Structures are given as structure tokens and as C-alpha cells.
1. For the structure I just gave you, tell me whether Y211 is assigned to a strand (DSSP E or B), out of contact with any helix residue (DSSP H, G or I) (no Cβ under 7 Å at 6 or more places or on another chain) and closer than 30 Å to T27 by Cβ.
2. Residues in segment 39-97 that are of a type in the set (K, R) and at pLDDT 85 or above: how many?
3. Considering every residue within segment 131-145, establish whether at least one is out of contact with any Leu (no Cβ under 9 Å at 6 or more places or on another chain), among the polar types (S, T, N, Q) and surrounded by fewer than 18 Cβ atoms within 10 Å (Cβ to Cβ).
4. Evaluate segment 170-189: report whether one residue or more is part of a helix (DSSP H, G or I) and either loosely packed, with under 10 Cβ neighbours inside 10 Å or not polar (S, T, N, Q) (or both).
5. Starting from segment 273-300, keep only residues that are under 23 Å from K251 (Cβ atoms), then list their pairs with residues that are polar (S, T, N, Q) and surrounded by fewer than 13 Cβ atoms within 10 Å (Cβ to Cβ) whose Cβ atoms are within a distance under 7 Å, requiring at least 6 positions of separation or different chains.
6. Can you find, within segment 224-250, the residue that is farthest from the chain's Cα centre (by Cα) among those that are surrounded by 14 or more Cβ atoms within 10 Å (Cβ to Cβ) and touching a residue at least 40 places away in the same chain (Cβ under 8 Å)?
7. Out of curiosity, is G193 in contact with a Lys or Arg (Cβ under 7 Å, 6 or more places away or on another chain) and either touching a residue at least 12 places away in the same chain (Cβ under 8 Å) or not assigned by TED's automatic domain parsing to the domain that holds F115 (or both)?
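The values are calculated or read from the model by the stated rules, or taken from the named source; none is laboratory data. Only a predicted model underlies this, so the values are computations on that prediction, with no experimental measurement involved. All Cβ positions, even for glycine, are placed from backbone atoms using ideal geometry, and neighbour counts span all protein chains on display.
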Amino acid sequence: MSFSFRVKNELARIEFKGKCCQKAELTALIYMTGSLQITRNEMALNIHTENPAAARRIFLLLKNLYGVNSHLLVRKKTRLKKNNTYLVKVSETERVQEILLHLKIINREEVLSGFNKKISGEIIVKKCCRRAYLRGAFLARGSISNPDTSYHLELGAEYEEQASEIVSLLKSFEIGGKMIPRKNSFLVYLKDGQQIMELLNVIGAHQAMFYYENVRILKEMRNNINRLVNCDEANLNKTVIAAMNQLESIKTISLNMGLKNLPDSLRQAAEIRIQYPEATIKELGEMFDPPLSKSGVNHRLRKLQKIARQMLKNKNH
């Protein structure tokens, strides 16, 4: 079962609230996946979905709001072993007109010309209704990737006007959706994990939101641990390279003038570095008598390297 399917199952089982919210949710479902079937001046309303729980919710919304006992049809998909599709159908022309007019999806004088491209402001005037509309939009044409793999949520729309209004609805909840054309339709998408969580909260998918949050926390912890490990590894590499350069300089001095001819402070630093080639600067400082600070050890080792460079320079000339 995909994560999208799980989220839609959760949304489809949310308890119905006020009539205004039911209207907003049903409006989104019809706008996003509904179509008119017109034959000989007879009109039927078809609403498609691939989620059985969503189909049942559409059936109940039509019954709660308009007393309509719609037909629920199942169509099996055989190609590429896809899931079944579900069709909720209202066949009576008068009931179809009543529903679409009441939801402001069509205008009375344009009954047979298809759906309006814009959502009526009356349907989404309240904040609770905007939440319900977004819930219906996700049930109809939403998808979300599993947070274990990536952060991506999208909502499809037939018309640019619908997609733009979804972006505006998201903005009313301080969620920044982006819109792009896709073939003959439009997509509104989110790629920020925090924004996706906020949308799941807005539409009422709280179980999915908590799961999403847990996955995000675990991923951030793993990323932080990896960063620390990589940082430690990089520091270790720097320490090893620096120690190798220091030992090479000490070897040059030893071959050309002998360590015994160095000042006591530098000779002591050279001998300790030879004895402990893998030690850090801090660890080297603790081996001096009396102990030296990191800056003190670094100062002596840099002087040794400077002497070695000068020796090589004189030798080449």
C-alpha cells in the first residue's frame, strides 16, 4: 500500500462536520475528478476515484447533503496490473443540476456548457471550509511520496484557474505551493518537509503527519551523525597529513645537520613527534615537560618545517 493510499484512507474516515464544510469538500471532489455525461438532453454526473474509501465518502456526501442514493460502480484495470477504479454516478438530470447549481459549479443559464473554471468564493469563505476543500482536492487528485524516500506532495487540477486558487488556499495557511503545467493539466506541489507536514495537519491527516514527523526527525539525526563522522574523518585526515609533513621536515634536518644541533626546545619537539607520529597537537603538548599549549607545540613544529625548507632551498642552489 502506497503512502498516498494510506493518507487518503485516513482522510476518507474523518468524521463529517458542518454542512458548509461538506459542501466545500464535495465541490473539490467534483471539480477535480467529476465530469458531465450528456446524452439527448439527459445529464449524469460521474465522479471517479481509485480509492474505495474515497468513493464511499463521495457517496455519503451526496446522500447527506442532497438525499441522493447515487450508483457506485467498480471497474477493473487489467493493463499493467493497476488498481480498480470506482465511479460514483448521479443519473437524474434534475438532481445533477440541483447539486451543481447549489455548489456553484455551473451557472443556471449555462447548464450544459460544463463546469465553471473558478471556485465560488461562497464555498470557501470560512477557514474550516478552506480546510475541507483542500482535503477534497487531495482525496481527488493528490499524491504524496513516502518521507523515507523523498519529500514531495502534489495536487492536480484540470484548469490553470483551479490550480491558482489552490495555491491561494495554501497561502491562506502560510503554505507556499508552486504551480507548473503538466501535459493537459496543472500541478501544485510542495517539496519542503515542514510545509508538507503543515498541509497534512490542515486537511486533518494527523496520523500521517505524526508518522511524517517521526521519519523527518530520524533522517535529521542520521544526517547530523553523518556530518559529524565526516567532519571527524576530515579532521583526522588533516592531522595525518600534517604529521607526515612534520616528520618529513624532521628527517631532512636529521640528515643535513643532526637533531642534536637544534636548540633544546626544537630538539625536544622533533624527538617527541618522532616517538609519537600519530598523536594530535594537543596530545603532543601533554608529553612535554612542562606541558605545552597547542599554540606552543604548533610554533615549534612550524619552526622545524621552516628550517627544513631553508635547507632544501640552499641544497638546490
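1. No: the conditions fail for Y211.
2. Number satisfying all stated conditions: 5.
3. No: segment 131-145 contains no residue that is out of contact with any Leu (no Cβ under 9 Å at 6 or more places or on another chain), among the polar types (S, T, N, Q) and surrounded by fewer than 18 Cβ atoms within 10 Å (Cβ to Cβ).
4. yes
5. Matching pairs, first to second residue: G285/S293.
6. Checking each candidate, the answer is I250.
7. Judged against the criteria, G193 is a match.
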